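The values are calculated or read from the model by the stated rules, or taken from the named source; none is laboratory data. Worth saying up front: this structure is predicted, and the values here are computed from it rather than measured. Because the Cβ atoms are built from the backbone with ideal geometry, glycine has one as well, and the counts that use them run over all protein chains shown. Side chains included, ligands, DNA and RNA excluded: accessible areas come from the protein's heavy atoms. Shrake-Rupley method; radii C 1.70, N 1.55, O 1.52, S 1.80 Å.
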Amino acid sequence: MQKENLSEKFEHYYQQIQQDAFLKMEAIGNEIPFYIAPYPATQENEVVEAIDALQKRLKNLDIDTLEINLFDLSLEIIQQEDDLEDVFEEETQSTKAEFLEMMQSILDVETEMIPAIDRRIKARAHQVLFITGVGQVFPFIRSHNVLNNLQRIAKTAPTIMFFPGAYVTSRSGSYLRLFDTLKDDNYYRAFNLDNINL
């Protein structure tokens, strides 16, 4: 994936998000208000800064965003379930497959992640939900799994998942390609924020 001009990309996001049609979820018919904001994984650090700047610019327009970083949320869940040091020790004593299974159990999307996200959504008023940290939680948490389960709870505001990779749309359907190399799974319910022009 080529390096992108993040200034232009995030200016586009800023212009689209502030539109009434976007905030009121009117421009998408009866579809789920989910958007993918793809970016090259090699620009992760710059994207983190750009997301922060975007939130500040939107705040200046009185548009409140709620950012849920999946990595930070995962650490919180692990610390509630277990001691972090115990998890590190378990990693050294397990095979990769065993450790992956253990982590996927602790961070189960349906029983742990989604309820935790739901609590945050209900705890703070917001007009747009940002999901970040997607690449940092791979392979323990898969983005399409989060999106599929979010459909039950994230209905009151547009949701944007910042995705380190590509959101590919073809005649055979749409899918997420993490780090632009790993096909995550088919996912066709979201809109590519790059292509939205309100």
**OP:** Give the number of residues within the stretch 156-172 that are under 20 Å from GLN55 (Cα atoms) and open to solvent by 50 Å² or more (accessible area, probe 1.4 Å).
**Re:** 1
Original post:
Is it true that GLU112 is in contact with a helix residue (DSSP H, G or I) (Cβ under 6 Å, 6 or more places away or on another chain), within 23 Å of ASN149 (Cβ to Cβ) and open to solvent by 80 Å² or more (accessible area, probe 1.4 Å)?
Top reply: no
Original post:
Across the stretch 115-132, which residue is most open to solvent (accessible area, probe 1.4 Å) among those that are touching a Ser or Thr at 6+ places or on another chain (Cβ under 8 Å) and not aliphatic (A, V, I, L, M)?
Top reply: GLN127
**OP:** Counting only residues that are in contact with a Cys (Cβ under 9 Å, 6 or more places away or on another chain) and modelled with pLDDT of 90 or more, give me the strands (runs of 3 or more DSSP E) lying completely in the stretch 84-195 with at least 2 of them.
**Re:** none
**OP:** Find all pairs meeting these conditions: Cβ atoms under 8 angstrom apart; at least six residues apart or on different chains; first residue within the stretch 187-198 and closer than 15 Å to PRO164 by Cα; second residue modelled with pLDDT under 90.
**Re:** ASN192/TYR167; ASN192/THR169
Original post:
Looking at the stretch 1-48, which of its residues are among the hydroxyl-bearing types (Ser, Thr, Tyr), under 18 Å from the mean Cα position of the chain (by Cα) and open to solvent by 20 Å² or more (accessible area, probe 1.4 Å)?
Top reply: TYR14, THR42
Original post:
For the stretch 84-101, does any single residue satisfy the condition of being open to solvent by less than 80 Å² (accessible area, probe 1.4 Å), out of contact with any Ser or Thr (no Cβ under 7 Å at 6 or more places or on another chain), of a type in the set (Gly, Ala, Ser) and touching a residue at least 24 places away in the same chain (Cβ under 8 Å)?
Top reply: no
**OP:** Sort out which residues of the stretch 49-79 are within 20 Å of VAL146 (Cα to Cα), open to solvent by 20 Å² or more (accessible area, probe 1.4 Å) and out of contact with any helix residue (DSSP H, G or I) (no Cβ under 6 Å at 6 or more places or on another chain), and write them in order of number.
**Re:** GLU67, ASN69, ASP72, LEU75, GLU76
